[in-house]
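Heads up, the thing below is written out as structure tokens.
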Amino acid sequence: MSILRSSIKKDIDLRLSTTLYQTKTFEKTKLAIDKYTSFDILYDVFDLNSKKYLYIQMIENTAFAPFIYNRSYELEELHENNNIFKSCTTLEAVKKHLTSLFKNNKIKLKYEDNKEIIKMEMDVVLFYKPFVVTFDLYIEMSPPEKKDEHLINLYNMNKLDLKNLKELLLYIQQNYKNEEAKKLVEMFRESDIPGIEV
């Protein structure tokens, strides 16, 4: 599927993103993409419009972000993605294999297209031949019913961060008079952080 997914696929992913938390059967794990960023990964199988989907959602847990990465797959799409999925006759079987891959550290993440896509790479073996299967997860804004909550959280976090920076700057100014302290104070002032003016 191209980077610009169809509006139908986006609509399905949006509907599944709001349905995910209403189930009690979803699996949840954590995985880092680099030394600074980690994600909660949730996935489950859903019935929607008389079709079944494996839905995967990733939420950053190392910082607050008002967006998610997600993607849904029908069984036929997985069969087209890679022949290894043809050994699975149900999406529940795919979900079970995913859980096993996560538990055995056989999945890794990497950014693509300026962080618009995260590739989930799975190290698998078929007839003793190792290879990599890839899922592309696309960035989306959080579901509409969570946007207000996310914006309020983001505002409160920015306000707290600014308060902490001001307290740190004041502490440095009051307690250190050497050249390194002057350089730190100057770095703060040159950083163009709103609320920390000269």
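The values are calculated or read from the model by the stated rules, or taken from the named source; none is laboratory data. The model shown is predicted, which means the values in this text are computed figures rather than measured ones. Glycine gets a Cβ as well: all are built from the backbone with ideal geometry, and neighbour counts include every protein chain shown.
For the range 65-156, list the strands (runs of 3 or more DSSP E) that sit wholly inside it and hold at least 1 residues that are over 27 Å from Y21 (Cβ atoms), without any contact (Cβ under 8 Å) to a residue 40 or more places away in the chain and out of contact with any Asp or Glu (no Cβ under 9 Å at 6 or more places or on another chain); which are they? Walk me through it before giving the result.
Details: elements: 67-73, 107-112, 117-126, 129-141.
The strands (runs of 3 or more DSSP E) meeting that bar are 117-126, 129-141.
Taking the conditions exactly as written (surrounded by 11 or more Cβ atoms within 10 Å (Cβ to Cβ), modelled with pLDDT of 75 or more and under 36 Å from the mean Cα position of the chain (by Cα)), does M141 satisfy them or not?
Numbers: surrounded by 11 or more Cβ atoms within 10 Å (Cβ to Cβ): yes; modelled with pLDDT of 75 or more: yes; under 36 Å from the mean Cα position of the chain (by Cα): yes.
Spelling it out, M141 is indeed surrounded by 11 or more Cβ atoms within 10 Å (Cβ to Cβ), modelled with pLDDT of 75 or more and under 36 Å from the mean Cα position of the chain (by Cα).
Please verify whether the range 13-23 includes one or more residues that are in contact (Cβ under 8 Å) with a residue 40 or more places away in the chain, among the hydroxyl-bearing types (S, T, Y) and either in a helix (DSSP H, G or I) or under 21 Å from K103 (Cβ atoms) (or both). First the steps, then the outcome.
Here is the first cut: in the range 13-23, the residues in contact (Cβ under 8 Å) with a residue 40 or more places away in the chain are 13-14, 16-18.
Then keep just the ones that are among the hydroxyl-bearing types (S, T, Y); that gives 17-18.
Narrowing the set further to residues that are either in a helix (DSSP H, G or I) or under 21 Å from K103 (Cβ atoms) (or both) leaves 17-18.
Yes, because at least one residue in the range 13-23 is in contact (Cβ under 8 Å) with a residue 40 or more places away in the chain, among the hydroxyl-bearing types (S, T, Y) and either in a helix (DSSP H, G or I) or under 21 Å from K103 (Cβ atoms) (or both).
Just to be sure I understand, how many residues within the range 51-64 are without any contact (Cβ under 8 Å) to a residue 40 or more places away in the chain and over 14 Å from D40 (Cα atoms)?
Initial filter on the range 51-64 (without any contact (Cβ under 8 Å) to a residue 40 or more places away in the chain): 51-52, 59-63.
Now narrow it down to the ones that are over 14 Å from D40 (Cα atoms): 51-52.
Selection size over the range 51-64: 2.
Filter the range 48-98 down to the residues that are in contact with a His (Cβ under 6 Å, 6 or more places away or on another chain) and over 20 Å from N114 (Cα atoms), then identify the one that is surrounded by the fewest Cβ atoms within 10 Å (Cβ to Cβ).
To start, the set of residues in the range 48-98 that are in contact with a His (Cβ under 6 Å, 6 or more places away or on another chain) comprises 66, 85-86.
Narrowing further to those that are over 20 Å from N114 (Cα atoms): 85-86.
Numbers: F85: 21, K86: 11.
Ranking the candidates gives K86 first.
If we scan the range 166-181, do we find a residue that is surrounded by 13 or more Cβ atoms within 10 Å (Cβ to Cβ), small (G, A, S) and within 16 Å of the chain's Cα centre (by Cα)?
Checked against the condition, which is being surrounded by 13 or more Cβ atoms within 10 Å (Cβ to Cβ), small (G, A, S) and within 16 Å of the chain's Cα centre (by Cα), the range 166-181 yields no hits at all.
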